[in-house]
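Participant: Have a look at the structure that comes next, please.
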């Protein structure tokens, strides 16, 4: 993590030991919070996704940070070694806010798992 981020968030720029810590107890490590653009000292500031079925589609949503690039991926099974499939690449917003994706392509799957990746 850059020193500026560590100073701003009361972390130790001289030690990498605070990177895997979860200072606010929200389930995201300090380094994950850095990449996600969330605040490592505020448990309400975390990348969380929501999902719901709307008719024959699935609606996937999450709060995006301004100017971050995200990718939404899915797979039908977590017990295999199959790769995640990109559902939507290069999602971004110029201002922070809710991003919603409607997915009808996976409607025929018995089970589907989604994830959001912060690309940069």
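Participant: Quick check on residue 26: is it more than 12 Å from the chain's Cα centre (by Cα), outside the structural domain of residue 74 (by TED's automatic domain parsing) and over 26 Å from residue 92 (Cα atoms)? Show your work before the answer.
Facilitator: Working: more than 12 Å from the chain's Cα centre (by Cα): yes; outside the structural domain of residue 74 (by TED's automatic domain parsing): yes; over 26 Å from residue 92 (Cα atoms): no.
Taking the combined requirement at face value, the residue does not satisfy it.
Participant: Something else now. Return the only residue of 98, 91, 11, 87 being under 14 Å from residue 116 (Cβ atoms) and over 14 Å from the mean Cα position of the chain (by Cα). Give the derivation first.
Facilitator: Values: 98 fails: over 14 Å from the mean Cα position of the chain (by Cα); 91 fails: over 14 Å from the mean Cα position of the chain (by Cα); 11 fails: under 14 Å from residue 116 (Cβ atoms).
Checking each option against the conditions leaves just 87.
Participant: Now for a different question. Enumerate the pairs (first residue in region 95-107 and assigned by TED's automatic domain parsing to the domain that holds residue 74; second residue anywhere and surrounded by 13 or more Cβ atoms within 10 Å (Cβ to Cβ) and in a loop (DSSP other than H, G, I, E, B)) with beta-carbon separation below 7 Å, excluding pairs fewer than 6 apart on the same chain, so at least 6 apart or on different chains.
Facilitator: Close Cβ pairs (under 7 Å, with a partner that is surrounded by 13 or more Cβ atoms within 10 Å (Cβ to Cβ) and in a loop (DSSP other than H, G, I, E, B)) amount to 96/65; 99/93; 106/112.
The values are calculated or read from the model by the stated rules, or taken from the named source; none is laboratory data. Owing to the predicted nature of the structure, the values given are computational and were not obtained by experimental measurement. Quick reminder, even Gly has a Cβ in these numbers, built from the backbone with ideal geometry, and neighbours come from all protein chains shown.
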